[in-house]
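Okay, structure first, notes after.
The values are calculated or read from the model by the stated rules, or taken from the named source; none is laboratory data. Just so it is clear, the model here is predicted, and its values are computed rather than measured. Here the Cβ positions follow ideal geometry from the backbone for every residue, glycine too, while neighbour counts run over all protein chains shown.
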């Protein structure tokens, strides 16, 4: 289990993440939501060991993530950040194969190849697996990176705004894939999302942040209601129910 | 890939041809006199070529930038400072100039220490200081360069003439005894360098992806910077500043060999630098009859290629 305990990160005098404590429930999709500058990505960066916290700690199986050996950690937790600029001549399949690095150090076994094939299948990348990454569109590249993370086959998958450069079709495809990873393979997904409707429809739990502080943490339906949302986003957000999904209709919030 | 293998073999054949040509072409006078001298030069060129190729490709990977040379860290400038200070303080007939071991050792140790102190200082204060490091490297390089110019103005003109021979890369008078030390350093560095090739491949994906894939990035960054510094320092102390060559061969290698694998890229760059150095030296000795130096030719061709790279990159941005 991942436990975040009283975590604080300061940039200059500003507390970008301020005394946040959360337990990530295994076998769920947990979304981090909140306005710009809420500290969602910073929080995720500290869980992923990209950034050191100023105070507080993140525990994976009761021991501090800073104390984990890099390679052992990489077999448990994988992380994908927003922007991925590559300066390398790499095919899609080669990129996805990097997901197996923690296990085979670049010499792929037959088992590794199976995981790579599976990841390609999950992300529907069959027809472009031999293309060079720098010849792909932003969305295709993003899907290739997500496939790499899937091939890494970790219990925890952390994603920082994976839908940022994707169209509706592929956004839905990725969220469905994540749902499948959780339901079928028992993975735990933590995801920073900008679109609250994707958070509402696909996640089990939501962590709402604002100005670095935790506003609310709970099951999706406890968060997706007009009262809580207005507390987070400081605007009236009507919520409508559709086929059992709660949809936030925020486009014209101040009309009435 | 099959195509890369063929291309590497082609480069290897070219390298062997240029080595054989340089070793045996038109040996006048005593074979016993000329041949060992040529072999020493060839060995020096191989050491330099491999060291610079590895250092440059690794440096490009950790900076995610392909138009930098490791000399941006101010190491060439540090070399010039050491040699100029030696001539300024001790003079051209002092033991620091006459004794090859001392001169080589002083230059090597000064450059490596300079790099180590810089890294220690930066890595203690910041987590991922690569851009700050580059910036400080450039500033220190300029500062040291000015110091060198200042000292050279004060130096006796005759001393200055003999100092000049140290400040331009030359393979003509490489001393065999230093060469052995350089080879020993290169072998040790390359054994370590070979072992971390897999990690270099992952680090090319950027800091965050590399950490996610289980690389201890910040420690590896430090190790690779030190490795690159040792390689550059060795080649510079052996023959003088010639790091510009690295930029040339590394980029040719990226273009010629379509792969992400550092083993292939570095091997390609090494073969290319052996072809450039040995072939270039052949042209200098037999075509120009030593009226020019190898570094002039390499800087000339390298400069043109560099401008081409800049134009190409600016077109790619549009």
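The helices (runs of 4 or more DSSP H) located wholly in the stretch A:58-108 that include 2 or more residues which are facing chain B (nearest Cβ under 7 Å) and under 21 Å from the mean Cα position of the chain (by Cα) occupy A:70-76, A:101-104. In the stretch B:140-155, the residues that are farther than 10 Å from residue B:85 by Cα form Cβ pairs under 8 Å with partners that are assigned to a loop (DSSP other than H, G, I, E, B), at six or more places apart or across chains, as follows: B:140/B:74; B:141/B:74; B:144/B:74.
Across the stretch B:292-311, the number of residues qualifying as surrounded by 12 or more Cβ atoms within 10 Å (Cβ to Cβ) and part of a helix (DSSP H, G or I) comes to 12. Of the numbered criteria (1) in contact with a strand residue (DSSP E or B) (Cβ under 7 Å, 6 or more places away or on another chain); (2) surrounded by fewer than 20 Cβ atoms within 10 Å (Cβ to Cβ), the one residue A:145 fails is (2). Taken over the stretch A:102-115, the criterion of being within 21 Å of residue B:217 (Cα to Cα), touching a helix residue (DSSP H, G or I) at 6+ places or on another chain (Cβ under 7 Å) and free of Cβ contacts under 8 Å to residues at least 12 places away in the same chain is satisfied by A:104, A:105, A:106.
All of B:217, B:194, B:160 fail the test of being within 14 Å of chain A (Cβ to nearest Cβ) and modelled with pLDDT under 90, apart from B:217. Residue B:189 satisfies every condition listed in (1) within 14 Å of chain A (Cβ to nearest Cβ); (2) within 30 Å of residue A:72 (Cα to Cα); (3) in contact (Cβ under 8 Å) with a residue 24 or more places away in the chain except (1). Residue-level check: of (1) under 23 Å from residue A:3 (Cα atoms); (2) in contact (Cβ under 8 Å) with a residue 60 or more places away in the chain; (3) under 15 Å from the mean Cα position of the chain (by Cα); (4) away from chain B (no Cβ under 12 Å), residue A:164 misses just (1). Please go through the stretch A:143-161 and pick out each residue that is assigned to a loop (DSSP other than H, G, I, E, B), within 12 Å of chain B (Cβ to nearest Cβ) and within 14 Å of the chain's Cα centre (by Cα). A:154 - this is the single residue of the stretch A:143-161 that is assigned to a loop (DSSP other than H, G, I, E, B), within 12 Å of chain B (Cβ to nearest Cβ) and within 14 Å of the chain's Cα centre (by Cα). Listed by position, the helices (runs of 4 or more DSSP H) enclosed by the stretch A:192-256 that each have at least 3 residues that are on the phi < 0 side of the Ramachandran plot, in contact with a helix residue (DSSP H, G or I) (Cβ under 9 Å, 6 or more places away or on another chain) and touching a residue at least 40 places away in the same chain (Cβ under 8 Å) are A:196-202. Considering only residues in the stretch A:124-138 that are more than 13 Å from chain B (Cβ to nearest Cβ), surrounded by fewer than 17 Cβ atoms within 10 Å (Cβ to Cβ) and in a helix (DSSP H, G or I), the one that is nearest to the chain's Cα centre (by Cα) turns out to be A:138. Scanning the stretch B:256-289 for residues that are touching a residue at least 12 places away in the same chain (Cβ under 8 Å) and not in a helix (DSSP H, G or I), we see that the one that is farthest from residue B:54 (Cα to Cα) is B:258.
Every residue, every condition in (1) modelled with pLDDT of 90 or more; (2) surrounded by fewer than 20 Cβ atoms within 10 Å (Cβ to Cβ), yes or no:
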position: B:16; (1), (2): yes, yes
position: B:21; (1), (2): yes, yes
position: B:26; (1), (2): no, yes
position: B:59; (1), (2): yes, no
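Comparison of B:238, B:252 shows that the only residue that is closer than 30 Å to residue B:86 by Cβ and either within 14 Å of chain A (Cβ to nearest Cβ) or not in a loop (DSSP other than H, G, I, E, B) (or both) is B:238. Taking the listed residues B:170, B:253, B:235, the one that is in contact (Cβ under 8 Å) with a residue 12 or more places away in the chain, closer than 22 Å to residue B:303 by Cβ and surrounded by fewer than 20 Cβ atoms within 10 Å (Cβ to Cβ) is B:170, with no other qualifying. Within the stretch B:169-191, does at least one residue satisfy the condition of being within 30 Å of residue A:65 (Cβ to Cβ) and out of contact with any strand residue (DSSP E or B) (no Cβ under 9 Å at 6 or more places or on another chain)? So far as the stretch B:169-191 goes, no, none of its residues is within 30 Å of residue A:65 (Cβ to Cβ) and out of contact with any strand residue (DSSP E or B) (no Cβ under 9 Å at 6 or more places or on another chain).
Residue-wise test of (1) within 17 Å of residue A:191 (Cα to Cα); (2) surrounded by fewer than 22 Cβ atoms within 10 Å (Cβ to Cβ); (3) within 14 Å of chain B (Cβ to nearest Cβ).
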{"position": "A:23", "(1), (2), (3)": "yes, yes, no"}
{"position": "A:29", "(1), (2), (3)": "yes, no, no"}
{"position": "A:36", "(1), (2), (3)": "yes, yes, no"}
{"position": "A:40", "(1), (2), (3)": "yes, no, no"}
{"position": "A:46", "(1), (2), (3)": "yes, no, yes"}
{"position": "A:51", "(1), (2), (3)": "no, yes, yes"}
{"position": "A:56", "(1), (2), (3)": "no, yes, no"}
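When residue B:124 is tested against the conditions (1) within 14 Å of chain A (Cβ to nearest Cβ); (2) out of contact with any helix residue (DSSP H, G or I) (no Cβ under 6 Å at 6 or more places or on another chain); (3) surrounded by fewer than 18 Cβ atoms within 10 Å (Cβ to Cβ); (4) within 30 Å of residue A:144 (Cα to Cα), the lone failure is (4).
Run residue A:87 past the list (1) buried (at least 16 other Cβ atoms within 10 Å of the Cβ); (2) in contact (Cβ under 8 Å) with a residue 60 or more places away in the chain and report the number of the one that doesn't hold. In the conditions (1) buried (at least 16 other Cβ atoms within 10 Å of the Cβ); (2) in contact (Cβ under 8 Å) with a residue 60 or more places away in the chain, residue A:87 misses (2) alone.
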